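K.L.:
Have a look at the structure that comes next, please.
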Protein chains: 6
Amino acid sequence: MTSGLIEYDEAPPEVRAVFDDIMTTRKIDRVNNFWKALAVHPPTLKRTWESLKEVMAPGAIDPLVKEMIYLAVSTTNGCGYCIASHTVAARKAGMTDEMLGELMAVTGMANETNRLATGLQVPIDQAFRRPE
Amino acid sequence: MTSGLIEYDEAPPEVRAVFDDIMTTRKIDRVNNFWKALAVHPPTLKRTWESLKEVMAPGAIDPLVKEMIYLAVSTTNGCGYCIASHTVAARKAGMTDEMLGELMAVTGMANETNRLATGLQVPIDQAFRRPE
Amino acid sequence: MTSGLIEYDEAPPEVRAVFDDIMTTRKIDRVNNFWKALAVHPPTLKRTWESLKEVMAPGAIDPLVKEMIYLAVSTTNGCGYCIASHTVAARKAGMTDEMLGELMAVTGMANETNRLATGLQVPIDQAFRRPE
Amino acid sequence: MTSGLIEYDEAPPEVRAVFDDIMTTRKIDRVNNFWKALAVHPPTLKRTWESLKEVMAPGAIDPLVKEMIYLAVSTTNGCGYCIASHTVAARKAGMTDEMLGELMAVTGMANETNRLATGLQVPIDQAFRRPE
Amino acid sequence: MTSGLIEYDEAPPEVRAVFDDIMTTRKIDRVNNFWKALAVHPPTLKRTWESLKEVMAPGAIDPLVKEMIYLAVSTTNGCGYCIASHTVAARKAGMTDEMLGELMAVTGMANETNRLATGLQVPIDQAFRRPE
Amino acid sequence: MTSGLIEYDEAPPEVRAVFDDIMTTRKIDRVNNFWKALAVHPPTLKRTWESLKEVMAPGAIDPLVKEMIYLAVSTTNGCGYCIASHTVAARKAGMTDEMLGELMAVTGMANETNRLATGLQVPIDQAFRRPE
């Protein structure tokens, strides 16, 4: 069976440090199960959190758009946990029902046309090729 | 072998009508190979174009963001044709190198954490569940 | 780099025996590259060929339909080699342009609705559940 | 959290119109959860239903075969909802236990050989290439 | 709905023979649900078991490593059943918490960099190409 | 079109620092295209390299096994670049033809049985479930 979930009270110091940073950064008072599961392997917990914090920070793309991209990818991969958690995160960042509807529509169409282009072996137009 | 590409000059009227609408809508003077390949089956050409036109139109999500979502999904699915064509489309809609870098970073992280959550069989937190 | 392709003339007896059976069964006079690549590992060559021969034989589902299912799956997985080879195989078994068009349409729609159902976390209807 | 399910009684007119058409076309007296979930975004509901109705109608490929292709794709993508609903639909269209067994066997083999061809980087045979 | 699970007591002789071989080979006294589900189609049950027995036997790669590879693939594909059963199998073969943590870390990173390489359309270095 | 490849001579200092560390760590005198492509977005280059260096270092799982897991995942995802580069890396770490053959056999079987378990909706055995 898989490893369990590590709760804060039973966590070693290096895990607590990451949990504390997650709670502070996100202004929440408990971490969700994803982090408790990763805590079984502290180096993966620490590296994953620090990478995610950097990647999802405001930048050239704003946080709401980043959350919607995350949801589109999670939907394409069929990760139930990720869909559930990032739908909530996107909602908090401002996603409306209308936006969720459009996001799913775009995600669905991309999956459809990806297969049409692949299955019909469409050659890449000269205009779309990267320069040699 | 797969069907070939249907050029405008040899296309039947119902195909030309779709090609004309694509060129008018996108303000371009030739359609790309994807549409020429779909033209082998006119009902699929027409339905796919009309769906795509509706889905990618400005709405609650703006066209640049829609193109970036398309690129994130195409990247996740590994569709070479779609990545090439939608990278160009996103560039035209305003995507900078910086934005492409962040888009890939988010797409990559989502693919990574999707597998961590799935492989560790993380149970969905009560707070993320849809109401019964 | 990956292993190369094993040609008939340089193949050991257990590989030649499989190559011979492929050519006899399919009534062709040379095997395609897939088998030459698998020949680097004779047990995998033999097992894969015998499994494929059994699975693709006429049964409750006819060979043309089996080839179309193979093409739909290969398209969904984005396997370029498999799409190319099974499109040819399906053509030989009787697939017309019209059928290829419909096959791609169904494959595309399934990929689209798969993501809509997953992304919206649609609960399975009682009527669709397997009996406990 | 994700949007909920829209029941007929609370649905706006444009949603009811689609629900009515689904029930009439399929000769059933209630729609399944997939459509109730899509109803949160009426344009996606309408477009998806009309596309699906067109694609799954009898044509060059018969409806039972289309349902089996749908099930093969849904299985490859791992969409639990879609597998459950299309298994029921394929059964209604005439799929026997024997056919389901063969369908899964073909789907499984295609997934296996897709990876063998990809992982061994098998070059496409000249005979399988599309004409330039 | 899908086919059910075939229990030993109700199984026909060719199914019992496979169940017996599974139990003998694995030194267990009951088969798990995967085999009971496959038993609905005896030829698929027999072929799958014989293939798996051959592939997972000790060889140039040891059984524990084979189980970890199986888990990495199942995680990438998002197969919940397979993740659960192969996590248990890998544990029995000697996988520790530390190894599971590293396995997930490698699997996650591979999924991430696979998308970065694909999305940025990285051309294959001359040094990595297979000889023509 | 996608961003190009950044060569060492034209790279800014923060990119050169990463390139230098890659060359030192791997004892090579030039970086491969993957890193040159990532260099378009220096933070992603730096984070990805540091994560990969940590994850692929010797640990509870040895480097050859990690490379084989990477290859299995890349094969499952169909990333051509990654398959080519990690096949070379695995060879350098000691993978023989025999091991590559077995690796592909296991990867192929996992992909096959993943779909059989998913498509037949096999319920997880009590013995495989994580404790509540």
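The values are calculated or read from the model by the stated rules, or taken from the named source; none is laboratory data. Note that the structure is a prediction, hence the values are computed from the model and not measured. Positions of Cβ are backbone-derived with ideal geometry, glycine not excepted, and every protein chain shown enters the neighbour counts. The accessibility values were calculated without ligands, DNA or RNA, using every heavy atom of the protein model including side chains. Shrake-Rupley method; radii C 1.70, N 1.55, O 1.52, S 1.80 Å.
K.L.:
Residue by residue through the stretch D:20-44, note down the ones that are among the charged types (D, E, K, R) and more than 19 Å from D:Ala57 (Cβ to Cβ).
P.N.:
D:Asp29, D:Arg30, D:Lys36
K.L.:
Among the residues of the stretch D:91-99, is any within 22 Å of F:Cys79 (Cα to Cα) and among the hydrophobic types (A, V, I, L, M, F, W, C)?
P.N.:
Checked against the condition, which is being within 22 Å of F:Cys79 (Cα to Cα) and among the hydrophobic types (A, V, I, L, M, F, W, C), the stretch D:91-99 yields no hits at all.
K.L.:
Before we move on, is C:Glu102 in contact with a His (Cβ under 9 Å, 6 or more places away or on another chain) and away from chain F (no Cβ under 14 Å)?
P.N.:
yes
K.L.:
Can you confirm whether E:Ser74 is touching a residue at least 40 places away in the same chain (Cβ under 8 Å) and not assigned by TED's automatic domain parsing to the domain that holds E:Ala17?
P.N.:
Against the criterion (touching a residue at least 40 places away in the same chain (Cβ under 8 Å) and not assigned by TED's automatic domain parsing to the domain that holds E:Ala17), E:Ser74 does not qualify.
K.L.:
Of all residues in the stretch D:18-52, how many are farther than 17 Å from C:Ile124 by Cα, in contact (Cβ under 8 Å) with a residue 24 or more places away in the chain and in a helix (DSSP H, G or I)?
P.N.:
The total comes to 8.
K.L.:
Next question, about the same structure. Applying the selection to the stretch C:103-132, what residues are open to solvent by 20 Å² or more (accessible area, probe 1.4 Å) and either in a helix (DSSP H, G or I) or in contact (Cβ under 8 Å) with a residue 24 or more places away in the chain (or both)?
P.N.:
C:Thr118, C:Gln126, C:Ala127, C:Phe128
K.L.:
Any idea which residue in the stretch F:16-40 is surrounded by the fewest Cβ atoms within 10 Å (Cβ to Cβ), counting only those that are within 14 Å of chain B (Cβ to nearest Cβ) and touching a Ser or Thr at 6+ places or on another chain (Cβ under 8 Å)?
P.N.:
F:Val40
K.L.:
Search the stretch C:86-101 for residues that are of a type in the set (Ser, Thr, Tyr) and pair each with any residue that is open to solvent by 60 Å² or more (accessible area, probe 1.4 Å) when their beta-carbon atoms are under 9 Å apart and the residues are at least 6 apart or on different chains.
P.N.:
Sorted first by the residue in the stretch C:86-101, then by its partner, the pairs are C:Thr87/B:Met1.
K.L.:
Only one residue in E:Thr87, E:Thr96 is open to solvent by less than 10 Å² (accessible area, probe 1.4 Å), within 7 Å of another protein chain (Cβ to nearest Cβ) and more than 22 Å from D:Gly101 (Cα to Cα), so which one is that?
P.N.:
Residue meeting the stated conditions: E:Thr87.
K.L.:
Separate question: Could you check the stretch E:1-11 and list, in sequence order, the residues that are over 23 Å from D:Gly80 (Cβ atoms) and either within 22 Å of the chain's Cα centre (by Cα) or open to solvent by 50 Å² or more (accessible area, probe 1.4 Å) (or both)?
P.N.:
Answer for the stretch E:1-11, where residues must be over 23 Å from D:Gly80 (Cβ atoms) and either within 22 Å of the chain's Cα centre (by Cα) or open to solvent by 50 Å² or more (accessible area, probe 1.4 Å) (or both): E:Glu7, E:Tyr8, E:Asp9, E:Glu10.
K.L.:
Name, by its number, the condition in (1) under 24 Å from E:Leu71 (Cα atoms); (2) assigned to a loop (DSSP other than H, G, I, E, B) that does not hold for A:Gly59.
P.N.:
A:Gly59 satisfies all of (1) under 24 Å from E:Leu71 (Cα atoms); (2) assigned to a loop (DSSP other than H, G, I, E, B) except (1).
K.L.:
Kindly provide the set of residues from the stretch B:45-69 that are open to solvent by less than 40 Å² (accessible area, probe 1.4 Å), more than 16 Å from A:Gly108 (Cβ to Cβ) and within 14 Å of chain C (Cβ to nearest Cβ), ordered by number.
P.N.:
Scanning the stretch B:45-69 gives a single hit, B:Leu45.
K.L.:
Could you check the stretch C:70-84 and list, in sequence order, the residues that are within 21 Å of C:Thr25 (Cα to Cα) and more than 10 Å from chain A (Cβ to nearest Cβ)?
P.N.:
C:Tyr70, C:Cys82 - these are the residues of the stretch C:70-84 that are within 21 Å of C:Thr25 (Cα to Cα) and more than 10 Å from chain A (Cβ to nearest Cβ).
K.L.:
Then there is this: Taking the stretch A:12-51, which residues are among the hydroxyl-bearing types (Ser, Thr, Tyr) and more than 30 Å from E:Cys82 (Cβ to Cβ)?
P.N.:
Answer for the stretch A:12-51, where residues must be among the hydroxyl-bearing types (Ser, Thr, Tyr) and more than 30 Å from E:Cys82 (Cβ to Cβ): A:Thr24, A:Thr25.
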